[in-house]
Amino acid sequence: MTKNGLGYVGLPASGIGGWECPLAAVAFDEPGILARLLALDKPCFAVREGTRVGLSNEGNCVGPDRVAGSAPETLAWAPPLQAGQLGDDSFRKAHGTRFAYYAGAMANGIASEDMIIALGREGLLGSFGAAGLLPARVREAISRIQTELPEGPYAFNLIHSPNEPALEREGVELYLAHGVRCVEAAAYLDLTPQVVLYRVAGLEQSGGDGIEIKNRLIAKVSRKEVATKFMEPAPPRLLQPLLEQGRITEEQVRLAGQVPMADDITAEADSAGHTDNRPMLALLPSILALRDEIQEKYGYEEPVRVGAAGGIGTPTAALAAFIMGAAYVVTGSINQGCVESGASAHSKGLLAEADMADVMMAPAADMFEMGVKLQVLKRGTLFPMRAQKLYELYNQYESIDEIPVKEREKLEKQIFRNGLEEIWKSTATYFAERDPIQIERAASRPKRKMALIFRWYLGLSSNWSNEGTSGREMDYQIWCGPSMGAFNAWARGSHLEEVNGRRVADVAKQILTGAAFAYRVQNLATQGVRFPPNCLAYRPRKM
């Protein structure tokens, strides 16, 4: 082994043949070795010359019978592999992207128009964070994104809203009316008439026996039973009412039985926001196996693709997902900290300082009564602790009036900063525009009224975070998974360390380029090549 150069731990004379190329093309020093590893568009040869081992991007392997005397020997080689080659090519073709990667939706417009447009201009897919926004605001986003990206790629989020079905219905109606051709369905526990309508309304018979699927659906799931519903065709129990209402045709009902509900299933592991905290190593293989079973049963012309989300914030995490069979990878938390996200400067600053352990679970506003939780940042905010206190009170009492006076006074002073009756008036005004039936239900159900009051805090806390509301910093609800801490550690010392240096398309390309680099290093390492420490990992670099 040479100083600062490569080593080789294979058996003596275990090379794969000779090497034809000028010796000047071989790098034996550390900077040269790294440069050749980074030339991902070229093959990479590990060459032994005498006692030295180096790397080259030039030359050709020749058979052992052509190795003569002291000619250089090829010990190992790796083919070209660029970021755009990772993952499933059918994903890139279906969505019109350059990469098998997309930025997942973050609610309340955190995954903003600026973010989706910046990604789309670089051939990357992004999903606008429509969840939690009123239809008028989503309509504005559709108009701008379609103007800026008339040919795509882009997607819009559709979140399951069990307590506010009107919002889900209006979202689907907007997407159908404005020709939004790709939707990311999230937080679903079961199929709803709304998501089935979106999918089936886009089915048409094409030439011969083909089926044209105009409305593409990406379903984000973390449980096999939910994945099954999206991998199978739409069920008759939901199709028949839609047919009777005239929302779909008999032809579309027939075609619906021949295609899956979703084109893509995103296996969501330990992530920000709504999450079951599933480990990727267990979740992804189980969803892939399920896909294979269902494909064998139905024989779809195009099998459902399975991608991976949750915990992906570094190149090696992305590569691990691809190696396990993911057709594509999805990022979330790390995009929230980028320049183009809808989060406030204060929230982005906290995210940039986060470590992997600086997260915890807290009650979710949209599914509060069901006990559903989401993952948030705990560094620099008291939101998760205060939100958990509200949920404990909700479970303990049947109405606001049952809460002891001292406890109620503490809530009004520390969390709501106003009387609970005033909070209720504000809540009623809000739902009068958003979903009036919620107020009707609460009129005769005191516990429901208490839930809506508590949801006032849970809902506004994320808005305070996005808008940077002064004086409410300790109440900011910042969705965050452990990938944020991993990303920060990887970015340290590079142009991505500073918040203003984090641009969403650059982050995506850095991660994918790093994944391709890591694959090359591992490829050569399995053939016996030992690398200098500074050549083992890809560091972010300006492109």
Out of the stretch 472-528, which residues are open to solvent by less than 10 Å² (accessible area, probe 1.4 Å), among the basic types (Lys, Arg) and farther than 27 Å from Ala76 by Cβ? Arg502
Criterion violated by Gly273 - all others in (1) in contact with a helix residue (DSSP H, G or I) (Cβ under 6 Å, 6 or more places away or on another chain); (2) open to solvent by less than 30 Å² (accessible area, probe 1.4 Å); (3) modelled with pLDDT under 95 satisfied: (1)
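Grab the strands (runs of 3 or more DSSP E) fully contained in the stretch 176-242, keeping just those with 2 or more residues being open to solvent by less than 10 Å² (accessible area, probe 1.4 Å). Walk me through how you get there before you give the answer.
Numbers: elements: 182-186, 203-205, 211-213, 216-221.
It comes to 182-186, 216-221.
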Residues of the stretch 359-371 that turn out to be surrounded by fewer than 20 Cβ atoms within 10 Å (Cβ to Cβ) and part of a strand (DSSP E or B), as a count: 2
Check off (1) in a loop (DSSP other than H, G, I, E, B); (2) buried (at least 23 other Cβ atoms within 10 Å of the Cβ) for Gly123 and give me the number that stays unchecked. (2)
If I ask for residues that are surrounded by 24 or more Cβ atoms within 10 Å (Cβ to Cβ) and not aromatic (Phe, Trp, Tyr), which ones from the stretch 320-334 would you list? Ala321, Ala326, Ala327, Val329, Val330, Thr331, Gly332, Ser333, Ile334
Screening Ala327, Ala345, Ala364 for residues that are aliphatic (A, V, I, L, M), at negative phi and in contact with a helix residue (DSSP H, G or I) (Cβ under 7 Å, 6 or more places away or on another chain) leaves only Ala327
List the residue pairs whose Cβ atoms are under 9 Å apart, where the first residue sits in the stretch 530-543 and is touching a residue at least 60 places away in the same chain (Cβ under 8 Å) and charged (D, E, K, R), the second is assigned to a loop (DSSP other than H, G, I, E, B) and loosely packed, with under 15 Cβ neighbours inside 10 Å, and the two are 6 or more positions apart or on different chains. Arg530/Met1; Arg530/Val9
Which residues, taken from the stretch 305-358, are of a type in the set (A, V, I, L, M), part of a loop (DSSP other than H, G, I, E, B) and in contact with an Asp or Glu (Cβ under 7 Å, 6 or more places away or on another chain)? Ala327
Being open to solvent by 50 Å² or more (accessible area, probe 1.4 Å) and closer than 16 Å to Arg223 by Cα is the filter here, so list the residues in the stretch 293-311 that pass it. Glu293
Considering only the stretch 415-447, state which residues are touching a residue at least 24 places away in the same chain (Cβ under 8 Å) and open to solvent by less than 20 Å² (accessible area, probe 1.4 Å). Ile415, Phe416, Leu420, Ile423, Thr427, Asp435, Gln438
Just give me the residues in the stretch 343-388 being more than 20 Å from Thr275 (Cα to Cα) and basic (Lys, Arg), in sequence order. Lys348
Of all the helices (runs of 4 or more DSSP H) wholly in the stretch 426-543, which have at least 2 residues that are over 22 Å from the mean Cα position of the chain (by Cα) and under 30 Å from Leu6 (Cβ atoms)? 504-525
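Is there a residue being of a type in the set (Ser, Thr, Tyr), open to solvent by 10 Å² or more (accessible area, probe 1.4 Å), closer than 21 Å to Gly273 by Cβ and touching a helix residue (DSSP H, G or I) at 6+ places or on another chain (Cβ under 6 Å) anywhere in the stretch 161-169?
Initial filter on the stretch 161-169 (of a type in the set (Ser, Thr, Tyr)): 161.
Those still in the list that are open to solvent by 10 Å² or more (accessible area, probe 1.4 Å) too: 161.
Now narrow it down to the ones that are closer than 21 Å to Gly273 by Cβ: 161.
When the remaining residues are screened for being touching a helix residue (DSSP H, G or I) at 6+ places or on another chain (Cβ under 6 Å), the result is 161.
Yes, the stretch 161-169 contains a residue that is of a type in the set (Ser, Thr, Tyr), open to solvent by 10 Å² or more (accessible area, probe 1.4 Å), closer than 21 Å to Gly273 by Cβ and touching a helix residue (DSSP H, G or I) at 6+ places or on another chain (Cβ under 6 Å).
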In the stretch 243-254, how many are crowded, with 20+ Cβ neighbours inside 10 Å and among the aliphatic types (A, V, I, L, M)? 1
How do the pairs read when you match residues in the stretch 44-63 that are in contact (Cβ under 8 Å) with a residue 60 or more places away in the chain with residues anywhere that are basic (Lys, Arg), using Cβ under 8 Å and keeping only pairs 6 or more apart or on different chains? Cys44/Arg36; Cys44/Arg520
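Which one is nearest to Leu512 (Cα to Cα), of the residues in the stretch 126-152 that are of a type in the set (S, T, N, Q) and in a helix (DSSP H, G or I)?
Looking only at the stretch 126-152, we keep the residues that are of a type in the set (S, T, N, Q), and these are 127, 143, 146-147.
Narrowing the set further to residues that are in a helix (DSSP H, G or I) leaves 143, 146-147.
Values: Ser143: 30, Gln146: 26, Thr147: 28 Å.
Looking at the filtered set, the residue picked out is Gln146.
The values are calculated or read from the model by the stated rules, or taken from the named source; none is laboratory data. Since we're looking at a predicted model, the values are computed, not measured. FYI the Cβ positions are ideal-geometry reconstructions off the backbone, even for glycines, and counts take in every protein chain you see. Accessible surface is based on the protein model in full, side chains and every heavy atom, while ligands, DNA and RNA are left aside. Shrake-Rupley method; radii C 1.70, N 1.55, O 1.52, S 1.80 Å.
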